[in-house]
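Sharing a structure here in structure tokens format.
The numbers here are math on the coordinates, done by the rules we state, and not lab data. Fair warning: this is a prediction, and the values are worked out from it, not measured in the lab. All Cβ positions, even for glycine, are placed from backbone atoms using ideal geometry, and neighbour counts span all protein chains on display.
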Amino acid sequence: MSGCLLVLGASSGIGQALLQLAVEKGWQAIGVSRQARPATLVSSIVWQQLDYHQQDLQALEQTLPEICLQYQPQVLFICHGLLQLAEVKAEKTIRQLDVAGAGRSWWVNYLVPMLHLKTIWSYLLQQPCKVLVLSAKVGSNTDNQLGGWYSYRAAKAALNMAVKTAAIELQRQQRQTWIATVHPGTTDTLLAAPFTKNLPVGQLQTTAETALRLWQVAEHLQAADHGALLNWDGKQLPY
Ligand SMILES: NC(=O)c1ccc[n+]([C@@H]2O[C@H](COP(=O)([O-])OP(=O)(O)OC[C@H]3O[C@@H](n4cnc5c(N)ncnc54)[C@H](OP(=O)(O)O)[C@@H]3O)[C@@H](O)[C@H]2O)c1
């Protein structure tokens, strides 16, 4: 496998590690983010800052298709995700369900990734490629044994369903583009930081370890995985 990797939501800890890994493997690497380019990234990574928000998606709708046409990425990762806000914590009980917090979670975890897919849809129909949308195992109904985290779980469950729906639509017109949601495993990033204190030894992955695992998932992504929720080891998870 060689070519071009595009990471949307590239400021994420996992997204940055994917970009670095792509460069190490001799790939072209493009990151798109609301944030300015992190100083730590190697200079060969192309970085596009797109200042979009809920009220104004025009910049995104114009620029993303142009980036796809210019660089022709074969692998795309969509990395957006939000577990909690500084002012609104992930819910331990339904009593903590908050309109603003739930709305923000829905926006970042579900709508932004799906709007990205919508924006690059024409490209996905033209160019065979592999699309991995970062989700979470806690978005699996079947896997939910612990409860809590109402908004994050529900938004990721919606994302899993919407990506499966997109996979079905895609398959009608382009049988060589594959898309799946993927659980990256617990990884040492800003998102996970408040929840990693009591983890058993060995359960917390570095971003570099997770990037390598996700790279392997992308390498082995095949028709049978189209629309599935995958674990970091490539195995399918129940919805
Ligand atoms: N870390 C873990 O243990 C873990 C476990 C399970 C699943 N995941 C999933 O893996 C993915 C990457 O997570 P991470 O741990 O690398 O997270 P992170 O470092 O906290 O990165 C946050 C990501 O969310 C985006 N984002 C945050 N607020 C946003 C907003 N208001 N509007 C649009 N985008 C926003 C950022 O995009 P910009 O670059 O545009 O700012 C960035 O891509 C997420 O989908 C997360 O749910 C992570």
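Say the dipole of the range 49-160 comes from +1 at the beta carbon of Lys and Arg and -1 at that of Asp and Glu; which of 67, 102, 124 then lies farthest toward its positive end?
Going by the charge dipole, the pick is 102.
By the scheme Lys and Arg +1, Asp and Glu -1, what is the net charge of all other residues having a beta-carbon under 11 Å from that of residue 179?
Computed value for this residue: 0.
While we're on this one: On full extension of the chain, what length is gained from residue 62 through residue 24, given 0.36 nm per residue of separation minus the C-alpha to C-alpha distance?
In short, 10.7 nm is gained.
Return the distance in nm (one decimal) between the two label points of a simple spin-label model at residue 175 and residue 193, each offset 7 Å from Cα along Cα→Cβ.
Those two pseudo-labels are separated by 4.8 nm.
Next up: How much mean residue ellipticity at 222 nm does the chain get from its helices, if each DSSP H run of length 4 or more adds -39500 (n - 2.57) and you divide by all residues, to the nearest 500 deg cm²/dmol?
-10500 deg cm²/dmol, from helical runs alone.
Spelling out what I want: for every residue of the range 73-87, take phi, set θ = phi - 60°, compute 6.51 cos²θ - 1.76 cosθ + 1.60 (Karplus), and round to whole Hz; glycine and proline get x.
Values, residue by residue: x, 9, 10, 10, 10, 10, 10, 5, x, 9, 9, 7, 9, 4, 8 Hz.
A further question follows. ³J(HN,Hα) across the range 175-180 via Karplus (A = 6.51, B = -1.76, C = 1.60, θ = phi - 60°), whole Hz, x for Gly/Pro?
Along the range 175-180, the couplings run 8, 10, 9, 10, 9, 8 Hz.
Oh, and also: What is the helix-to-structure angle for 58-71, meaning the angle in degrees between its Cα long axis and the longest Cα principal axis of the chain, kept from 0 to 90 and rounded to the nearest 10?
Taking Cα atoms only, the helix is inclined about 50 degrees.
Compute the distance in nm between two label points, each set 7 Å from the Cα along the Cα-to-Cβ direction, one at residue 165 and one at residue 107.
With each label placed 7 Å out from Cα toward Cβ, I get 2.1 nm.
Another question, if that's okay. Among residues other than residue 121 whose Cβ falls under 14 Å from its Cβ, what is the net charge (Lys/Arg +1, Asp/Glu -1)?
The answer is 0.
On to the next question. Give me, ordered by chain and number, the residues 5 or more places off residue 237 or on other chains with an amide H under 5 Å from its own placed amide H.
229, 230, 231
Fewest to most neighbouring Cβ within 10 Å: what's the order for 97, 230?
97, 230
Mind giving me the nanometre distance, one decimal, between the label points for residue 127 and residue 44, set 7 Å out from Cα along Cα→Cβ?
Here the answer is 1.9 nm between the modelled labels.
By how many degrees, between 0 and 90 and to the nearest 10, does the Cα long axis of helix 150-171 differ from the longest principal axis of the chain?
Helix 150-171 sits roughly 30 degrees off the main axis of the chain.
Could you let me know the centre-to-centre spacing of the range 197-239 and the range 66-84, using Cα atoms, in angstrom?
Using only Cα atoms, the two centres lie 17 Å from each other.
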